Structures are given as C-alpha cells and as structure tokens.
Amino acid sequence: MDESKEPVATEGREKMTVLVAVDESEGSLYALSWALDNLFAAAVGGAPNKPQPLGRLVLVHAQQPLQHFIMHPVGPAVYATSSVIDSVKKAQEQNSRDVIERAKGICRRRLRPASMVFCTQQVEAEAVIVTGDPKETICQAAEQMQTDLLVVGSRGLSKIRR
Amino acid sequence: MAVEVGKPAMVVGIDDSEHSFYALQWTLRRFFSVADSAFKLVVVHSKRSPACVVGLAGPGAADVLPFVESDLKKIALLVIERAKDLCSAFPVGDIQYELVEGDPRNALCEAVDKHQAEILVVGSHGYGLLKRVVLGSVSDHCAHHAQCTVMIVKKPKPKH
C-alpha cells in the first residue's frame with residue numbers, strides 16, 4: 001500500500017476507511033460506538049456549512065465455519081443429517097444478521113445529526129459477513145478493503161479496571 | 001470558539017525509529033489536519049537509561065557510562081526536535097512534549113494515567129529489535145495494559 005495513493009484533502013480531514021469487527025459481545029459494540037463518536041464526529045466549531053465526506057465505515061462479522069459432524073466425547077462421530085445442517089446453518093445466519101442489525105442500529109442512532117446546526121455526517125456504512133477463523137478472515141478483509149484503521153473491541157483487562 | 005480545556009488527550013509514544021515517526025505523522029494527518037481537533041496531543045519519548053544499554057557487568061563500565069548517558073541524551077533531544085518539526089506542519093492547537101526516562105512500556109502507561117488520555121498511539125515496531133515479529137514488545141504491552149484505547153499504527157510494507 002503506497003502512501004502516495006491516499007488522497008490528500010485540500011482542507012478538512014482525509015477520508016478514512018474504517019473496518020469495525022463486531023460480534024455478539026458488548027465489547028465490540030462499545031468499540032463501534034467509540035469509533036463512531038471519535039472517528040466520525042462532526043467538527044465542532046468548524047465550518048458548519050461544508051458537509052465533508054468523513055469516511056467509509058465497514059462492519060465486519062466473522063461467523064464460525066460450520067462443522068459437518070458432531071463429535072461426542074465418548075463414542076463414534078455422528079454425521080449430522082442434511083436437515084440438521086440446514087437448520088444450524090440457518091440459525092447461524094440469523095444470528096449473524098442479528099449482530100449486523102444491532103451494529104447498524106447503533107450506526108443509525110449515532111450518525112443522525114444531533115441538531116440542525118451541525119453539518120450532515122456523510123459516512124457510507126456497509127456490512128460484510130465473513131466465514132472462518134475471525135483472526136484470519138478479519139485481517140484478510142481489512143487488506144482487501146484497503147482499510148486505514150481496524151477497530152476491535154477488547155474483552156477487558158482482567159486485573160486492572162479503570 | 002471551542003474551549004480548549006475540556007479536550008481529551010491523545011498520547012503518542014515515540015522512539016527514534018522510522019516506525020514511530022510514521023505513526024506520529026499518520027496521527028497528525030488523520031486527527032489533527034483541521035485546526036479544531038477533538039483531542040489535545042501529548043508526545044511522549046522515553047529515554048533509556050545508560051545502565052540498560054551498557055549492561056551492568058564488566059570493568060570499565062563505570063567509565064563508559066557518562067559517555068553513553070550524554071549520547072542517549074543527545075538522541076532523546078533529537079527525537080523531540082524531529083517530533084516538533086513534524087507537528088509544526090499541522091495546525092495542532094494544544095500540544096505537549098514529554099521526555100521521560102525508563103522503560104517505555106511503563107512510561108507510556110503512566111503518561112496515559114497522568115493525562116487521563118483517551119487514546120494511546122504507538123508504532124508497531126520501534127523499541128524492540130525484533131524485525132520479524134509483527135508486534136514489538138512495547139506496543140504489545142501497551143495494547144494489554146494501557147487503561148485506554150490503544151491505536152497501533154503500522155507502516156505499510158512496500159510491495160515488490
């Protein structure tokens with residue numbers, strides 16, 4: 001990724017592509033809210049008359065790949081019938097959709113301008129669902145989308161709290 | 001005009017590596033390219049103490065120490081000067097430079113506490129000499145122990 005390829009804004013901030021990894025955890029949704037507040041906030045006291053495209057927000061949800069057989073701790077592996085596989089797949093897809101919907105809901109609430117005085121915040125929000133090990137697939141997605149910033153939540157510091 | 005007092009702090013940890021200057025410049029471009037940024041900037045550089053660099057054993061170590069110390073001081077001041085140059089190209093309103101001594105891992109976490117920072121920015125290599133490891137030991141430590149959001153800025157690798 002060459003530095004020279006990034007567009008240089010003549011005035012105002014440069015447009016940034018931000019990838020936010022979301023899952024069912026509260027930590028990742030907090031990270032999303034944080035990103036919306038801090039990375040895409042309208043310039044307070046700046047030039048309210050000029051709507052600037054602030055960036056591109058991509059929500060990424062990694063769903064675990066489906067296992068086609070169920071391992072019992074004792075006894076032979078049991079192959080799931082296709083109907084079981086289908087229902088598990090549907091449940092997983094529904095779960096992924098729910099996660100994305102929740103994340104989009106947060107985006108919609110945050111991105112609406114608080115009052116008529118501020119300029120409209122122009123952020124293009126997209127959602128992507130990837131399948132596989134979240135660590136790998138999220139990094140791959142970040143590279144493919146030429147992400148400038150990847151936001152992930154944290155499970156919290158075990159011993160130290162604020 | 002917006003009140004300067006209430007702005008949250010963004011601490012940027014730098015050392016003498018290209019990675020950390022890239023991180024500082026990236027941060028300036030992304031967050032401080034307009035006059036009224038949402039943050040105030042604190043640039044922190046931790047100068048290593050000569051004892052860590054020289055090693056404690058061996059005769060003559062005591063003689064070498066003063067020279068090493070003055071060298072380290074020179075390097076530290078150059079780092080701060082270079083940071084000041086970088087920042088002068090951007091309309092940063094509220095900026096502080098801090099030169100501290102000791103292990104950068106602790107120094108950065110302490111700076112975060114001292115300034116009640118909301119974001120800590122570090123480069124991805126820098127202090128450690130581990131070129132093949134993706135994350136340096138300082139950025140790794142900060143990612144786990146700093147009490148705030150940690151932003152690790154990676155210098156893009158040139159594609160062949």
Average projected area [Cα convex hull, the range B:60-122], square nanometres: 5.5
May I ask you to compute the full-extension gain from A:GLN146 to A:ASP98, defined as 0.36 nm times their residue separation minus their alpha-carbon distance, rounded to one decimal in nm? 14.7 nm
How big is the A-B contact in terms of buried accessible area, both chains counted, 1.4 Å probe, rounded to the nearest 100 Å²? 2000
Given the pairs B:LYS84/B:LYS154; B:LYS74/B:LYS154; B:LYS47/B:LYS73, which are separated by over 18 angstrom at their Cα positions? B:LYS84/B:LYS154; B:LYS74/B:LYS154
13 Å Cα-Cα reach of B:LYS155 towards aspartates and glutamates, excluding residues that sit fewer than 8 places from it in its own chain: A:ASP2, A:GLU3, A:ASP148, B:GLU18
Starting from the Cα of B:LYS7, draw a straight line to each of the aspartates and glutamates and keep only those under 16 Å, dropping any in the same chain fewer than 8 residues away. A:ASP37, B:ASP36, B:ASP94, B:ASP113, B:GLU118
Can you check what the net charge comes to around B:ASP16, using other residues whose Cβ is under 12 Å from the Cβ of B:ASP16 (Lys, Arg +1; Asp, Glu -1)? 0
What list of ³J(HN,Hα) values in whole Hz, one per residue of the range B:140-157 in order, does the Karplus curve 6.51 cos²θ - 1.76 cosθ + 1.60 (θ = phi - 60°) give from phi, with Gly and Pro shown as x? 5, 4, 5, 4, 8, 10, 5, 8, 9, 5, 10, 10, 9, 9, 9, 7, x, 7
Over the heavy atoms of B:ILE152, what accessible area does a 1.4 Å probe trace out, to the nearest 10 Å²? 50
Can you tell me the equivalent ellipsoid semi-axes for the range B:11-99? Use √(5λ) from the Cα gyration tensor, largest first, whole Å. 34, 10, 10
Reported to the nearest 10 Å², B:LEU86 has, with a 1.4 Å probe, an accessible area equal to 30
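The values are calculated or read from the model by the stated rules, or taken from the named source; none is laboratory data. Since we're looking at a predicted model, the values are computed, not measured. Every residue, glycine among them, receives a Cβ derived from its backbone with ideal geometry; neighbour counts consider all protein chains shown. SASA here: full protein model, heavy atoms, side chains in, ligands and nucleic acids out. Shrake-Rupley method; radii C 1.70, N 1.55, O 1.52, S 1.80 Å.
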